[in-house]
Amino acid sequence: MDTIASFFSFITTPVSWVIVQFHSLYGAVFGPDTGWAWGLSIVSLVVLIRICLIPLFVKQIKSTRNMQVLQPKMKAIQERYKNDKQRQSEEMMKLYKETGTNPLSSCLPILAQSPFFFALYHVLSSIASGKTIGVINQSLLDSARQAHIFGAPLAAKFMDSSDKVASLNASLTDVRIVTAIMIVLMSASQFYTQRQLMTKNVDLTVKTPYMQQQKMLMYIFPVIFAVTGVNFPVGVLVYWLTTNVWTMGQQMYVINQNPTPGSKAQDQYLQRLLKSITSQGQVRSRRKRTIVQAIVAKGPDRNDNERRFVTGLAKAGLAAQADGTVAKSDTATVEAEAGGAARRQQPKRQTKAQRQAAAGHSPADKPAPGKPSLEKDEPQDSTSKPSGKSAAGSARQAKPGQRKGQQRPKHPSKK
């Protein structure tokens, strides 16, 4: 860990400076040596970092959605060039370039946040060891060592010995209870965030290996947090719990306001949008007009959720326009009602006996098994011409070795 800490030592000074600035603010309210002052300083550091990472988070969302859309094409390339790995890689890179997708964009927020995490870990480890670091001098160091969050010192760990915990003026029981609760909350928030993404914000019409990978990560990440969390100081657990809660709230906002096309969340959003438009008779916000405009531009390429949205507008007597607005349209209402009536008037599936009865052949007309038909024994008048159904029946009855149906007249030379 010392190698990693030294590698990220260039950022420990800025991180410690930010913590000290927030501590001076909260210390004036709660007292400089309280756990509230130092704990809220760490929470504020997380909020500040995550606000700065919002542009990267937007890129992550776009990259994740593009990867979901490209999964069928990527699978086709893998099957086509499964024996030529070099050509497979070239075609993959070509596909990424054409669509403007960067597979690493989904990892950017984590990669950008990792230096701050290791810097904070190094700062808290130095506080636990009684060493000054960055802009934290001896007086601030003593204040941080006296700060407790629900009885647990900021620098204490779940695996610490009782002697080390006693040196921080705390009991081992308090430290383990507080750290255990934080680890459980941290793992649960991570699991809920990933599960929310998989169940609501994934296009269910596309079944790809990417979805299986995300499902595996949904269970793997909480386990990783639970196993590694026992070696984190309380201050670092506060950091990770805060960032997981932020991610969960941020994910909920994105799912509710900008869901993935074809997902369950999009269906719920479009139903809310339809209710709002039909009640108000117009699209009020610019963002909603942009969404309606995108649905209109898709035309026949709309998914099932978008088709239901357009049909709902038509039943309300409204038609979506190319600029994202809606206009009253009686034609759309008539077409929607006609389409619904056509679907309702589809005939039911008939049984074989019903089809035979409709064709004029009753099951009672068929000869019983083992009983010869009486129609064959009746003499036929050669001068009379069969008419109607009898003619059609005689045409269907073929001699042995002869094709069924009406026969073509022979050529005069073959008579």
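The values are calculated or read from the model by the stated rules, or taken from the named source; none is laboratory data. In this text, all values refer to a predicted model and were calculated from it rather than measured experimentally. Cβ coordinates were reconstructed from backbone atoms using ideal geometry, including for glycine residues, and neighbour counts include every protein chain displayed.
Are any residues in segment 109-146 among the charged types (D, E, K, R) and in contact with a strand residue (DSSP E or B) (Cβ under 8 Å, 6 or more places away or on another chain), and if so, which ones?
Of everything in segment 109-146, just one residue is among the charged types (D, E, K, R) and in contact with a strand residue (DSSP E or B) (Cβ under 8 Å, 6 or more places away or on another chain), namely Arg145.
Among all residues of segment 74-97, there is at least one that is in contact with a Ser or Thr (Cβ under 9 Å, 6 or more places away or on another chain) and modelled with pLDDT under 80.
Of the residues Ile127, Ile110, the single one that is modelled with pLDDT under 80, in a helix (DSSP H, G or I) and β-branched (Val, Ile, Thr) is Ile110.
The residues listed here are Ala128, Ala112, Ala144, Ala155; of these, the one that is within 25 Å of the chain's Cα centre (by Cα) and touching a residue at least 12 places away in the same chain (Cβ under 8 Å) is Ala112. Only residues that are at pLDDT below 85 and closer than 18 Å to Ile255 by Cβ: list them for segment 269-305, please. Answer for segment 269-305, where residues must be at pLDDT below 85 and closer than 18 Å to Ile255 by Cβ: just Asn303. Counting only residues that are under 19 Å from Gln257 (Cα atoms), without any contact (Cβ under 8 Å) to a residue 12 or more places away in the chain and hydroxyl-bearing (Ser, Thr, Tyr), segment 277-322 holds 1 of them.
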